[in-house]
Amino acid sequence: MRLSPRTIIPSMFHRRLWLLFLGAGGAGAVLAGQSYRLTVAQGERHLAAAEARLVSERWTPTQRGMILDRKGRVLARDEASYDIRVRYRVITEEWAYSEAARRARREHRDAWPTLDRAQRDALVQRLLPEHQATLRAMWADLAQALGLSAEELEQRKSAVRRDVARMAMTVWDRWLEARREEVNREQEVTLEDVQRPLREHQESHPIAQGVAEEVGHRVRRLVEKYPGLEIAPSGRRAYPFETMEVEVDRASFPSPLRAPPPGAPVQAVKVEGVATHIIGWERGLAAEDIARRPRVDPKTGVVDRGHYQPRDRVGARGIEGSHEDTLRGQRGRVTTHRDTGEEQVVEHVPGGDVRLTVDVALQARVQALMDPSVGLAAVQPWHHPAVTPAGQPTPLADGTPLFGAAVVLEIDSGEILAMASTPSFTRDRLQEDAEEIYSNPVEAAWVNKALSKPYPPGSIIKPLVLVSAVSSGAHALGSAVECTGHFLPNRPDRFRCWVFKQFGTTHTGLLGRSLLAPEALAVSCNIYFYTLASRLGVEKVVEWYKAFGIGSGFGLGLDDEYRGVVGEPPPGERLSQSHAILMGIGQGPVAYTPLHAADIYATLARGGLRLMPRVVKSAPPRASDLHLDTGALDAALEGLRQSVQEDFGTGHTLRFPDGTREPIFTDRPGLSVYGKTGTAEAPDILDRDPSDPDAVRVLREGDHSWFVVMVGKKGGPPRFVISVVMEYAGSGGRVSGPIANQIIGALVAEGYL
Amino acid sequence: MSARGGRARKARPVLHQRRTTLLHAGWVVLGCAAVLCVIGLHCIELARGGAAGGQGTGLAATTMRQAAFGGLGLLAALAVSLPHYRVLIPLRWLILAGVVGLLVFVLVPVVPDSLVTPRNGARRWINLGPVDFQPSELAKIAYVIATAAYLRYRSNYRTLAGLIPPGIIAFVPMGLILVEPDLGTALLFIPALVAMLVAAGARLAHLIGAASLGLVFAAGVIAVSLVFAQRGEYPVLRAYQVDRIRAVVDRARGEQGHDEGRGFQGLQAMTLIGAGGVDGHPTARSAALVKYSSLPEGHNDMIFAVVVNRFGMVGAAGVIGLYLAMFGASMLVAAACKDPFGRLLVVGLASMTFTQVVINIGMNVGLLPITGMTLPFVSYGGSSLVAGFIGVGLICSVAMRRPPYLWRHSFEYDPRDDDEG
């Protein structure tokens, strides 16, 4: 007999039962197989994932490193401060009702189930005023502890309620949409169905942030007394030298400014925003920060303990911005095993400190001298002739503030001792008055003018041209150049000497001889330097400018360094010999910054050794030798000495409208001063009315005023370079010169000379 | 053989008398159900007790309720098994009509919310004071009774046209349950019908053909939904349903993009199951793993994950084995029964329960999309548990009746009657 299901199981029903059972067995086997796959084959992975959920990680904040000045003074540090937070239910005062209800239930525990709603409510209402009074007392005490008025506190409470309400509505709307998607009958789902309390309704919210230790201490006593009040530590960045008081001694000021204000021999100047441009500030977290340093590197899986989290502050601008990774430090981590409550704590690692080469006391003095209220950086009657000659820009009204920048560089080390840009600002003002700081075209407060703004070099470039021409053999130091008034014999309207333009004469005519190097520099003869530059040729001029660092940055670690440009004529023009001639006096296609100016003079003072300026102490020194002709260097130094120390020097004399005159650089015993004035042609600042293109108001016009000074002990080499530029302050040394002179005084006062 | 006084019976055989026996496979069914129920209680306590933070002494209220329903279920099983199951035959339309009435009742919009409280937008429950009652659980049993009774003496289901009336019987409660909406429960009716048809002797070719058509249709619906979902449109299935299907499809393709959102529930369940390993974890540790896994419905639809986390692969195999034993024992009960109604009743009840098990475990282990469905006897839920025990009672009722000695040849389709062979 053939064996088949039919012969083994004659009943078809029983065969079908077997079929069903085998089907069930098959399904069971599939399920068991998948269970096996999950539990045994992939068990470890799943167990790890499940165990990871038992552990919660809490990251504690980092402590940011300090920024110190060259003498170790703390310019920026994290200070212990506190956030005062209050539970939402206390802010909304729901707490009073629920607390009263809780007490009513407890006090009438036995009777409670038998009471109806109205009776219960009556009991609650009787207890309610007491709890409301508790809250009132709490808000009053808190306002006092925080030094706020009741109205201010009320405003903060309503701000929290408003934010939470807005956020809750958004979330509930989303939930409602999702729920409606999920069920058949839209009309069955209403907002009430999804109005579950959010975490924000349970949590506490900040009423005051970043309060100081003593306020925190006062609030901590209230925490024990009142419900729902919390105090949480939070870091606050403090800038102890942000505002400094500086005494300005007017004894060596130009004589019209010398008289101190009535009743005070010295003037106390409050300097707001000392070194703000250098130090920088903090800003709120941006998405890019989180992307830059995520908690876990997506490629390597490495956990970065310095990662960013919401509410973190990030360094912005200056050292705070550029040294963010050094300063930031690493978070601590608290790992809690949620099932056992066991905690593992990894302490945070404070960020590294950054020490600057800047002397904050000197910096403050420089900024004080450049404060318009002192008078040196404000338009004075003797800055301009009483009657404006035809064709000259209208002078600014007397007392108009002048803005600019100053750099003090130590020659031996290349370290920047001070770098001021006016006007400066405090970080509070940046918060309150950002619009003014960022968009006022005349003040351009947020620009670090010492480092980020291009200026044509003007005549202060002349020593560089002299040394370059001699060092490259284009000009023999001993050969004299005749000042002819204008460089091209047949073109008295082009390439003129300043003395020809202003007085219709020539230096050769005035002195009775052709000019040699020191003298040409001292009188700042344009013809001499046109000649040298044209002998060098345009390529060599550009090459030498670049060798001195124009066109390359310093890598200081501050933002927006302007690298300088040279040899890039305006569009449509080819670089030509006439550009070379113009560049011989620092005009034409060349622009740089006050720091470039100081750096070039320092290189000349070191005999051709270029030492890269530094603002961070730990930055490695970088040096290169330009192999300059020593004779030319000596001649240049002598020219710079004559310029400010000899009567005929362009940087020597301050002339007043009444005909009186006095030297710009007051006699300082034991010191030698070298220097050069300069005038830089500047673009006008215009105020255009967007609705009426024809209505253009000139806000500023005229030239920037340069002065570069080197100073050292008498008989010794120069030790410090001071470069000053004052915007739209007119030609020559009238404004920049006295400021440079006072900065020498500041160096003396701070013990550097 | 009869357990009591067999000899006496032998002496005076009453050939037409109805007989009962206590030695029957129904005990296995009951035993399996009871063991599963105990496992369920343990895991509900683990999932809920853990959720309550382990505070306080004694069992969680949920566990106590479930235990009470378990007792109630046993009583219901006893009550159902005592009368002869054949009394159901004349009552079948009454029962079906009553259940359909209840199903309509939950859907009628004028019924006050205090009586039918929509939960998550679905109207499935009737509020009976301390307990809620879910008519669809009873509908499953009523439907099996009605279908079994309909099919008992027929053979027209050998033809394709003959398959239509049982389909219509299925469609009425199914349609109503679909409207609630409860797609999962509605889907159980088709496998139960197919199983009863298989047992009754319908042509496998027809069933396979119909099943293939159904699968093609379902695949079409899913494919169309997936395609439209790419464009953000949901013409047939709802967005969350498409998401759940996509979660399974993506997982099958080895994509793990569903840590949050649509695959969340399924992923948590799979993680918990996998974490159980070979032999699971002690109660406290397992409770901690479950508590912090954020597994939703850990005491309910997703309880299989809790079971496997607690008892590991051993527990998974044990639970699946218990259900298989239960199904096998039911098949034995059916095999021993000569009465076509009894046979089909048992097959229908067992198949429906087992299908529910396969779907529930399937979604727990990530093979099937998530749909709201309990694991019979294990998951928390009064209606489900009591209905399950009523089913067991009915199976026992069939099991304990022995056929009278004078019983005609058991009715079944005999291919020798059929000229087609």
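The values are calculated or read from the model by the stated rules, or taken from the named source; none is laboratory data. Nothing here was measured: the structure is a model prediction, and the numbers come from that model. We place every Cβ from the backbone using ideal geometry, glycine too, and count neighbours over all the protein chains shown.
Within the stretch A:343-352, does at least one residue satisfy the condition of being modelled with pLDDT of 85 or more, farther than 30 Å from A:SER252 by Cα and under 20 Å from the mean Cα position of the chain (by Cα)? Yes: the stretch A:343-352 contains one or more residues that are modelled with pLDDT of 85 or more, farther than 30 Å from A:SER252 by Cα and under 20 Å from the mean Cα position of the chain (by Cα). Of the residues making up the stretch A:130-176, those that are within 23 Å of A:THR190 (Cα to Cα) and aromatic (Phe, Trp, Tyr) are A:TRP172, A:TRP175. Say we look at the stretch B:360-387 and pick out the residues that are within 10 Å of another protein chain (Cβ to nearest Cβ) and part of a helix (DSSP H, G or I); which of these is surrounded by the fewest Cβ atoms within 10 Å (Cβ to Cβ)? For the stretch B:360-387, the residue satisfying everything is B:GLY362.
For the stretch B:149-173, which residues satisfy the criterion of being at pLDDT 80 or above and touching a Pro at 6+ places or on another chain (Cβ under 8 Å)?
Start the filter on the stretch B:149-173 by keeping residues that are at pLDDT 80 or above, which leaves B:149-152, B:164-173.
Across the stretch B:149-173, the qualifying residues are B:TYR150, B:LEU151, B:ARG152.
The strands (runs of 3 or more DSSP E) located wholly in the stretch A:291-365 that include 1 or more residues which are of a type in the set (Gly, Ala, Ser) occupy A:313-316, A:332-337. I'd like the full set of residues that are touching a His at 6+ places or on another chain (Cβ under 9 Å), modelled with pLDDT of 90 or more and either closer than 18 Å to B:CYS37 by Cα or more than 7 Å from chain A (Cβ to nearest Cβ) (or both), limited to the stretch B:269-310. Once the filter is applied, which keeps residues that are touching a His at 6+ places or on another chain (Cβ under 9 Å), modelled with pLDDT of 90 or more and either closer than 18 Å to B:CYS37 by Cα or more than 7 Å from chain A (Cβ to nearest Cβ) (or both), the stretch B:269-310 yields B:VAL306, B:VAL307, B:ASN309, B:ARG310.
Return yes when B:GLY366 is at pLDDT 90 or above and of a type outside the set (Phe, Trp, Tyr) and no when it is not. Criteria not met by B:GLY366. Among the residues here, A:LEU75 does not qualify as free of Cβ contacts under 8 Å to residues at least 60 places away in the same chain, buried (at least 20 other Cβ atoms within 10 Å of the Cβ) and not assigned by TED's automatic domain parsing to the domain that holds A:VAL160. The stretch A:1-66 holds helices (runs of 4 or more DSSP H) entirely within its bounds, and those carrying 3 or more residues that are more than 30 Å from B:LEU272 (Cβ to Cβ) map to A:5-8, A:12-36.
Filter the stretch A:615-652 down to the residues that are touching a Pro at 6+ places or on another chain (Cβ under 7 Å) and outside any helix (DSSP H, G or I) and list them by number. Please lay out each step first, then the result.
Our first condition is that a residue be touching a Pro at 6+ places or on another chain (Cβ under 7 Å); within the stretch A:615-652, this holds for A:635-636, A:638-640, A:642, A:652.
Within the stretch A:615-652, just A:HIS652 meets the criteria.
Out of all the residues in the stretch A:4-12, is one or more at the interface with chain B (Cβ under 8 Å from one of its Cβ atoms), of a type outside the set (Phe, Trp, Tyr) and either closer than 30 Å to B:TYR292 by Cβ or touching a residue at least 40 places away in the same chain (Cβ under 8 Å) (or both)? Looking through the stretch A:4-12, none of the residues is at the interface with chain B (Cβ under 8 Å from one of its Cβ atoms), of a type outside the set (Phe, Trp, Tyr) and either closer than 30 Å to B:TYR292 by Cβ or touching a residue at least 40 places away in the same chain (Cβ under 8 Å) (or both).
Counting only residues that are of a type in the set (Phe, Trp, Tyr) and not in a loop (DSSP other than H, G, I, E, B), the stretch A:467-515 holds 3 of them.
For (1) within 17 Å of A:TYR592 (Cα to Cα); (2) modelled with pLDDT under 95; (3) crowded, with 20+ Cβ neighbours inside 10 Å; (4) among the acidic types (Asp, Glu), each residue gets a yes or a no:
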{"site": "A:TYR438", "(1), (2), (3), (4)": "no, yes, no, no"}
{"site": "A:SER459", "(1), (2), (3), (4)": "yes, yes, yes, no"}
{"site": "A:VAL470", "(1), (2), (3), (4)": "no, yes, yes, no"}
{"site": "A:SER479", "(1), (2), (3), (4)": "no, yes, no, no"}
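Entry remark, the stretch B:321-349: residues being closer than 17 Å to B:LEU394 by Cβ and part of a helix (DSSP H, G or I) number 20 in total. Suppose the filter is facing chain A (nearest Cβ under 10 Å), part of a helix (DSSP H, G or I) and at pLDDT 90 or above; does B:MET352 pass it? For B:MET352, the condition - facing chain A (nearest Cβ under 10 Å), part of a helix (DSSP H, G or I) and at pLDDT 90 or above - is not met. Of the residues A:ARG58, A:ARG64, the single one that is more than 10 Å from chain B (Cβ to nearest Cβ) and either surrounded by 17 or more Cβ atoms within 10 Å (Cβ to Cβ) or out of contact with any strand residue (DSSP E or B) (no Cβ under 6 Å at 6 or more places or on another chain) (or both) is A:ARG64.
Taken over the stretch B:134-160, the criterion of being among the β-branched types (Val, Ile, Thr) and assigned to a helix (DSSP H, G or I) is satisfied by B:ILE141, B:VAL144, B:ILE145, B:THR147.
Give the residues of the stretch A:35-55 that are touching a Ser or Thr at 6+ places or on another chain (Cβ under 7 Å) and within 7 Å of chain B (Cβ to nearest Cβ), sorted by residue number.
Let us first name the residues in the stretch A:35-55 that are touching a Ser or Thr at 6+ places or on another chain (Cβ under 7 Å), namely A:46, A:49-50, A:53, A:55.
Across the stretch A:35-55, the qualifying residues are A:HIS46, A:ALA49, A:ALA50, A:ARG53.
Of all residue pairs spaced 6 or more apart or on separate chains, those with beta-carbon atoms under 7 Å, a first member in the stretch B:367-386 that is over 18 Å from A:GLY28 (Cα atoms) and a second member that is acidic (Asp, Glu) are B:GLY372/B:ASP182; B:GLY372/B:ASP301; B:SER379/B:ASP301; B:SER383/B:GLU137; B:SER384/B:GLU137.
In the set B:LEU176, B:LEU88, B:LEU96, only one residue is crowded, with 20+ Cβ neighbours inside 10 Å, within 14 Å of chain A (Cβ to nearest Cβ), modelled with pLDDT of 85 or more and outside any loop (DSSP other than H, G, I, E, B); that residue is B:LEU176.
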